[in-house]
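Structure, as structure tokens:
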Amino acid sequence: MRRWRRRRSGQFLIIYRSKAREEGLVREMGDFFKAPSINGVAIPYDAGISELKKGLDAPMGDYVVCLRALAWKGDSRSFSILKGELRNKDYYRRRAALENISYHRLWETSPDLVRELLLDHNEYVVRLAAKLLNQYPDCDVVSEAVIAYDFWGKDIEIRKACHAYLEKKGVDYQALLWEYRNKIQKISEDNSFYKDCSQKKLVGNWDEKEKMAEYFSIICQYFPEYSLEDARSVLVELSEEGCGYAALIGTVMHYFDRRSYDFAHTFGFSMYDGRVESNADILLLHFYCMTDEDGFGMTVGQMISRFRVFTKAYGLKAKIDVLLKLPQNLMEEKDSYIIIMAEKFILLDNRRKKFYINEWHYMNLRDMDEEGNFMVSSWGKNYILRKADIMGKRYFIRVCYA
């Protein structure tokens, strides 16, 4: 084996190739290092990140050369952009990003990349991750390999690669698979999706390095110029004013219950992470960054218009409207969910402790008793909202999925 070194921006790019391929590689690299152009304007490889990012919205030809330039830089910011492009809605652009990551062996600069790719919704991406899995068996991605093994049950190549990796690790993958499936079942039976859809959860997760990096990457997709401090301020705003966003995402997660494949195909990432916790927080952050305009709470009209923008962006068929009262048997309708919007009311927790709410607040309706009292979810917890404890106005927002 031969080692190739080429200096770039103070770093070394190390590429391994067999001696038999040296000559072909030299020709290939000669073509590869031509300076890219964006809309006909030549851009040097040492151009700034902001210049190169202009090409991400350009036609496919310019898009590809910008990806090459970003891959050639090899620093953390450019790598973060490339990883973000793995979730581009256009399959060919997603594939181009993956090929640049693969060609430059950029997974060596990010141990978490194999983990991310294993949880991707695209077979092409997961197959690459499965191959890397056994080339670099030191990667500790047992949980992700179990999820990929279960999720891609019909793909023999992925299942074989995951099986080989788990056997090398010496783990009882059948026991882990059983545990994983039971965790998902419990989430479904306990209505835990409402718990996971707390807007308060994201600020608390910011102290975890992995979550901080994940949240920051998402926020930068919508606000590229934001610093870490700016990104955290987004989470604070969401925590304080995001009850309506959280309630809507709660309905989305319940709609996709037991349909994790459809969820991944719709949103571009797995419904569960490596710890078998739902990715409701990730979807909530996308929704908020995509549609929020002022950092304040939503009116009913804004909720309807922003939810329509969100569902249209992902090709999700849904209807949303406002009701002044609940029709009989509405709770029994399939794929229909109710959000209560009320002001000046009292919530009771499971210990009958009272919480006084004066401002408008959105809550997911879980159930209703014969006397008209509501069982609701808010801030990731369950409460009782008695009919007599509502002193102000109330509305019902109905969300129906096709």
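Roughly how many whole Å is it from the C-alpha centroid of the stretch 367-395 to that of the stretch 266-304?
24 Å
With every protein chain kept in the model, how would you rank GLU99, GLU210 by accessible area, 1.4 Å probe, largest at the top?
GLU210, GLU99
Scan around TYR272 for amide H atoms under 5 Å from its own, H built in the peptide plane at 1.01 Å from N, and keep only partners 5 or more places away or cross-chain.
Residues meeting the criterion, in which the H sits 1.01 Å from N, are ASN279.
When a/c is below 1.5 the answer is rounded, else prolate if a/b is larger than b/c, else oblate, so apply that to the stretch 295-364 with a ≥ b ≥ c taken from the square roots of the Cα gyration tensor eigenvalues.
Cα axes put the stretch 295-364 in the oblate bin.
Keeping all protein chains in position, work out how much accessible area PHE223 exposes to a 1.4 Å probe, and write it in Å² to the nearest 10.
The value for PHE223 is about 50 Å².
Using label points projected 7 Å from each Cα along Cα→Cβ, tell me how many nm separate GLU225 and ASN373, to one decimal.
Taking the two extended label points, one gets 5.3 nm.
Greater than 29 Å separation of Cα atoms is the criterion. Which listed pairs, LYS73/LYS160; LYS211/LYS381; LYS54/LYS201; LYS200/LYS319; LYS131/LYS154; LYS54/LYS89, meet it?
Where the Cα-Cα span goes over 29 Å, the pairs concerned are LYS73/LYS160; LYS54/LYS201.
Largest first, what is the accessible-area ranking of MET368, MET253, MET375, MET391 with a 1.4 Å probe?
The ordering from most to least exposed comes out as MET391, MET368, MET375, MET253.
Could you tell me which of the pairs LYS325/LYS393; LYS325/LYS353; LYS53/LYS83 are separated by over 23 angstrom between their Cα atoms in the structure shown?
LYS325/LYS353
For LYS344, list long-range residues whose amide hydrogen, built 1.01 Å from N in the peptide plane, is under 5 Å from its own amide hydrogen.
Residues meeting the amide H criterion: ASN358, GLU359.
From the backbone phi of the stretch 349-365, what are the Karplus-calculated ³J(HN,Hα) couplings (6.51 cos²θ - 1.76 cosθ + 1.60, θ = phi - 60°) in whole Hz, Gly and Pro given as x?
8, 5, 9, 6, 6, 8, 10, 8, 10, 9, 8, 4, 8, 9, 9, 7, 7
The values are calculated or read from the model by the stated rules, or taken from the named source; none is laboratory data. As the structure is a computational prediction, the values presented were derived from the model and not from experiment. Positions of Cβ are backbone-derived with ideal geometry, glycine not excepted, and every protein chain shown enters the neighbour counts. These accessible areas exclude ligands, DNA and RNA; they are computed on the full protein's heavy atoms, side chains included. Shrake-Rupley method; radii C 1.70, N 1.55, O 1.52, S 1.80 Å.
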